[in-house]
1. Among (1) surrounded by fewer than 20 Cβ atoms within 10 Å (Cβ to Cβ); (2) within 20 Å of residue 192 (Cα to Cα), there is one condition residue 383 misses while meeting the rest; what is its number?
2. When region 306-332 is examined, which residues are found to be touching a residue at least 60 places away in the same chain (Cβ under 8 Å) and over 13 Å from residue 189 (Cβ atoms)?
3. Using beta carbons and a limit of 6 Å, which pairs, at least six apart or on different chains, have the first residue in region 288-300 and assigned to a loop (DSSP other than H, G, I, E, B) and the second one modelled with pLDDT under 95?
4. Only one residue in 257, 250 is modelled with pLDDT of 95 or more and more than 24 Å from the chain's Cα centre (by Cα), so which one is that?
5. Tell me, which residue of region 390-404 that is modelled with pLDDT under 90 and touching a helix residue (DSSP H, G or I) at 6+ places or on another chain (Cβ under 6 Å) is nearest to residue 293 (Cα to Cα)?
6. Quick check on region 417-431: of everything there that is at pLDDT below 85 and either over 17 Å from residue 353 (Cα atoms) or buried (at least 24 other Cβ atoms within 10 Å of the Cβ) (or both), which residue is farthest from the chain's Cα centre (by Cα)?
7. Which residue out of 193, 179, 216 is touching a helix residue (DSSP H, G or I) at 6+ places or on another chain (Cβ under 9 Å) and modelled with pLDDT under 90?
């Protein structure tokens, strides 16, 4: 009896310590407006609903110019002032051509080639639209470009009909080349997005396999990871790697707390998976509004630097995207090895196949489930960090937006199977991004869900799931 009371006391102390570890960083956010007000100019991170026009104002000697008024005009207009490092940024919600202007006297006094630059934002993929303006580099003006185009047009008109035919052929060839480039670019983006989605879905599938619970609050674990990385990099000014580790640790702690405070007591009371699923819906709503209360409704950038892109054949990418994809691949491979080549992994699969039989054979089912919850939430937090870097920001409802895609991935691959989550997520990611080649970008997720429905009509258990007799 004394040993049982001692064990219960240790569990309560452990839960209290974990809750304190969560509440301490949240205390920094009690007055979030104060921390954000310290920024001279807001940073901008493109999302699905906004693009960015930003830059750093420097003189001819590459020194920042602070306190200069920068004006944006076009479909939307705004004015801001460069900060101490010369940075400025605008967030736009309409696509089109925008003109950025600084005072002529500032340009001439600092040896800049001009005081006006024009950029374009394409709404077809706002999440990647970041127009960077440089006043310290001489660029061809739009007027000159227009004149050159007009001159070429005049020459073409005065030429023979064979010139016109040649021009038409060249245009068709250019259009075909552009479609081919878009095809490979969208395929690449779909694979990257599928890897991020797989990292989120593997943990969800592990929880379902061991407990039978479909967690609707798993998306909020993804959001939590991204927001904790934002706290680390932008509020506590930690390096990105340290902030990522901090976010993963917080995610793992929340997994332990959830299991000990909510799910373990419900399992002991023999509450069914359906009732537990309803609890996850309520938990999801509570967490979403807590995130919105502490962080606001705007998108938070984990990193604010503009990554320089480069070409790999027809594909444009950047170093951060490749590193994020590599991390996702390594982590997924490690989890797979853990499940199939370690003693605890075999115990996890045994619990997933038949929890009662596993318990009868000497496996501590509760211990396995506890570790699975910790691992699941840690993976979700990591995916939130990587997704925040890939999407250039994390919002209070990012996880909720991705939740249906996670469910689609695990259902398509096969509920309760880790390899199924990977394959299903890759299919969903590729289909979602590739479909934007032929349908509006806003409908790309609907095409992925349509693929899910079609597959389940012919194979209800999913790709890797096992057919089970009902009744």
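1. Failing condition for residue 383: (1).
2. Selection gives 306, 313, 320, 328, 329, 331, 332.
3. Close Cβ pairs satisfying both conditions: 299/45; 299/47; 299/393; 299/395.
4. On the way: 250 fails: more than 24 Å from the chain's Cα centre (by Cα).
Going through 257, 250 in turn, the sole match is 257.
5. Selected residue: 391.
6. Residues of region 417-431 that are at pLDDT below 85, as a first pass: 417-421.
Checking which are either over 17 Å from residue 353 (Cα atoms) or buried (at least 24 other Cβ atoms within 10 Å of the Cβ) (or both) leaves us with 417-418, 420-421.
Values: 417: 23, 418: 21, 420: 21, 421: 18 Å.
Among those residues, the one meeting the criterion is 417.
7. Exactly one of 193, 179, 216 is touching a helix residue (DSSP H, G or I) at 6+ places or on another chain (Cβ under 9 Å) and modelled with pLDDT under 90, namely 179.
Quick grid of which residues meet (1) under 19 Å from residue 327 (Cβ atoms); (2) free of Cβ contacts under 8 Å to residues at least 40 places away in the same chain; (3) in contact with a strand residue (DSSP E or B) (Cβ under 8 Å, 6 or more places away or on another chain); (4) surrounded by 24 or more Cβ atoms within 10 Å (Cβ to Cβ):
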| position | (1), (2), (3), (4) |
| --- | --- |
| 188 | yes, no, yes, no |
| 201 | yes, no, no, yes |
| 215 | no, no, no, yes |
| 218 | no, no, no, yes |
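The values are calculated or read from the model by the stated rules, or taken from the named source; none is laboratory data. A quick note: this is a predicted structure, and the numbers were derived from the prediction, not measured. We place every Cβ from the backbone using ideal geometry, glycine too, and count neighbours over all the protein chains shown.
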